[in-house]
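Structure first, commentary second.
Please treat every number below as a calculation from the coordinates, not as lab data. Bear in mind the structure is a predicted one, so any value in this text is a computation, not a measurement. Because the Cβ atoms are built from the backbone with ideal geometry, glycine has one as well, and the counts that use them run over all protein chains shown.
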Amino acid sequence: MMKLVTVEEMRRLEEAANASGLTYATMMENAGRAVAQAIHARRGKAPCAVTILAGPGNNGGDGLVAARYLWQWGYLVRVYLWKRSQAPDLPLEAAKALGIPILRDEEDAGFARLREATRQAEIIVDALLGTGAKGPLRGNLPDLLACVNEVLAQRRAAGACDPLQPLGGVLQSQGKAPRPWVVAVDTPSGLDCDTGAIDEAALRADLTVTFAYPKRGHLAFPGAEFVGELLVADIGIPPALAQGIPIEVATPAQVAAWLPKRPLNAHKGTFGKALIIAGSTNYVGAPRLAAEAAYRVGAGLVTLALAGSVYGAVASRLTEPTYLVLPDDMGVLTADALKVLADRLTGYDALLVGPGLGQEKVTEAFLAGLLSGQWRAPRPPIGFGAIETAPAAEAPLPPLVLDADALNLLARLPERLNHLPADTVLTPHPGEMARLTGLTREEIGADRLGVARRFAEAWRCTVLLKGAYTVVAAPEAPTVVIPFANPALATAGTGDVLAGAIVGLMAQGLTPYRAAICGAYVHGLAAEIWRASHGQAGMLAGDLLPLLPEVLRQLR
């Protein structure tokens with residue numbers, strides 16, 4: 001995994017690296033070169049007009065190093081300095097020595113020269129403020145950024161290149177000016193890199209090149225909207241220095257390492273058996289989506305346990321699972337279903353409860369009985385004359401995923417929250433998390449990492465808090481952020497697909513924590529593949545299903 005750091009953690013990492021021999025000057029050189037390389041990789045070729053906005057401190061120094069490399073590679077570079085001291089400044093002197101044009105804000109009345117540089121640039125590089133900046137932008141910086149934003153808005157409104165063209169692409173639409181692109185150095189100026197708060201004057205970046213590790217604010221809203229594509233560049237800091245940092249970002253390499261193996265001599269039993277208790281009269285699609293997702297991630301056998309009155313509607317659309325028909329009342333499960341499940345639950349490797357289950361009182365009684373063990377048949381002591389043995393140990397539930405309506409019903413059973421089976425995954429969206437915790441959605445949104453970690457510890461289970469940049473937390477394990485934010489997923493049923501993918505991976509032997517991370521990553525990457533072809537709207541939950549095996553193929 002890749003660490004996700006606070007500003008203070010990053011400061012300590014740089015300090016430790018400097019003490020170990022990787023000097024601040026070397027880190028700045030590495031950072032500036034990484035920015036230039038990222039631009040060059042996306043621009044494709046020079047010449048290209050680049051305006052670099054360089055502020056005081058190391059962030060401006062990174063921008064000046066980038067200017068030097070781009071100039072040497074044939075780019076038409078101009079540097080606009082804001083509040084940078086006239087004192088000896090090695091990055092600035094190196095840029096001047098090459099003949100790079102330098103403009104200063106104190107010599108630019110009304111930002112006239114800045115407007116001209118912005119109008120002519122194909123790429124704007126924001127190297128004004130670094131990750132340590134806090135609070136509202138001060139001085140004349142809001143006015144400077146407002147000037148740049150105004151010119152960029154005018155150019156984009158007048159007609160720009162197709163946004164799918166490479167960075168700074170020369171293709172033009174009807175002879176109009178190329179679309180200007182914004183590249184942020186480490187962070188967009190005005191973003192709080194701990195909280196994700198963003199100043200209203202900030203430039204919205206198309207690409208942010210950050211260094212060593214992503215910062216928490218890069219993956220927190222509303223500021224995440226201003227980051228664009230996030231590229232993490234290696235600047236030489238030894239990974240061992242970051243070992244104690246408790247928050248991580250899921251990576252394809254780590255997910256690939258955890259995915260279940262697929263031996264050539266396998267049979268369906270090799271890949272586990274998943275039981276899904278789902279569906280009700282009003283929600284016949286949810287069990288189908290969850291069951292197919294479990295199969296699509298590789299489960300060997302999937303059984304759908306559902307209300308008898310909805311069996312026909314589901315089974316006619318999905319023939320691959322086996323079925324267990326349960327007692328119901330007007331299409332919703334009742335506690336009588338526990339009797340049917342009693343002899344079957346322990347024959348499965350993983351259990352999912354909740355998609356489309358409904359929230360009727362009789363279904364609440366069913367869930368309460370399931371979690372409290374009422375499904376277990378009584379087992380009297382075994383007697384041998386005057387000698388009696390103890391009752392047989394009660395069989396536990398299989399590793400468990402509680403999703404959707406099961407979570408809403410669980411919120412009415414607070415006594416069960418603190419007595420969940422150890423191998424349980426909860427998959428709430430923010431509204432469900434609010435009902436489970438008593439917090440407001442706003443409180444949850446303001447501290448998604450902290451809330452997920454705190455309640456995973458309190459409930460002693462894995463919590464997958466859904467949303468843009470889904471969070472997975474578990475006791476005594478790193479909290480992991482899934483690096484996808486995709487509005488195409490904001491449609492009914494995608495959560496059922498996610499829950500099915502998780503239970504399918506658990507059936508194949510992954511721990512609940514790893515199954516939650518891998519399931520969420522595979523689900524998110526499938527949605528990214530769909531968005532790349534179709535855009536940000538119009539996806540149906542079922543569109544994800546055939547993409548799940550494709551994602552697994554790519555990862556493996």
Could you list which residues have their amide H under 5 Å from that of L230, counting only those 5 or more apart in sequence or on another chain, with H placed in the peptide plane? T208
Quick one: Karplus J couplings for the range 457-473, per residue in order, coefficients 6.51, -1.76, 1.60, θ = phi - 60°, nearest Hz, x for Gly and Pro? 5, 5, 8, 6, 8, 8, 10, 10, 8, 6, x, 4, 6, 3, 10, 10, 10
Please list 3J(HN,Hα) in residue order for the range 333-342, calculated via the Karplus relation 6.51 cos²θ - 1.76 cosθ + 1.60 where θ = phi - 60°; whole Hz, with x for glycine and proline. 5, 10, 4, 4, 4, 4, 5, 5, 6, 3
For Cα pairs less than 8 Å apart in space and 6+ apart in sequence, what is the mean separation divided by the residue count of the chain, i.e. the relative contact order in percent? 12
Just to be sure I understand the model, the point goes 7 Å from the Cα along the line to the Cβ. What's the resulting N418 to S85 distance in nm? 5.7
Relative contact order (%) - criterion: Cα under 8 Å, at least six apart; region: the range 485-542: 61
Would you mind checking which residues have amide H under 5 Å from D186's amide H? H placed 1.01 Å from N; only 5 or more apart, or other chain. V209, T210
If exposed means GluC sites (Glu not before Pro) lying in a DSSP loop and surrounded by at most 16 other beta carbons within 10 Å, then the longest stretch of the chain lacking such sites spans residues 1-199
Whole-Hz Karplus couplings 3J(HN,Hα) for the range 295-303, θ = phi - 60° and coefficients 6.51, -1.76, 1.60, Gly and Pro as x, run 5, 5, 8, x, 4, x, 8, 10, 10
What 222 nm value per residue comes from the helices of the chain, counting each DSSP H run with n ≥ 4 as -39,500 (n - 2.57) and dividing by all residues, nearest 500 deg cm²/dmol? -11000 deg cm²/dmol
For the range 487-551 and the range 65-80, distance of Cα centres in Å: 42
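Trypsin sites (Lys or Arg not before Pro) within the range 1-86: which are DSSP loop residues with at most 15 other Cβ atoms inside 10 Å? Could you put the intermediate results ahead of the total?
Numbers: sites: K3, R11, R12, R33, R42, R43, K45, R68, R78, K83, R84; in loops: K45, K83, R84.
Of the trypsin sites (Lys or Arg not before Pro), the ones in loops of the range 1-86 whose Cβ has at most 15 other Cβ atoms within 10 Å are K45.
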Could you tell me which label, among (i) 1.14; (ii) 1.26; (iii) 1.02, carries the value of Cα Rg over 2.2 N^0.38 Å calculated for this structure? (i)
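Which of the pairs K3/K268; K273/K339; K83/K215; K215/K261; K261/K339; K361/K466 have their Cα atoms more than 28 Å apart in this structure? Can you show the working numbers first?
Working: K3/K268 37 Å; K273/K339 20 Å; K83/K215 25 Å; K215/K261 33 Å; K261/K339 36 Å; K361/K466 26 Å.
Listed pairs above 28 Å: K3/K268; K215/K261; K261/K339.
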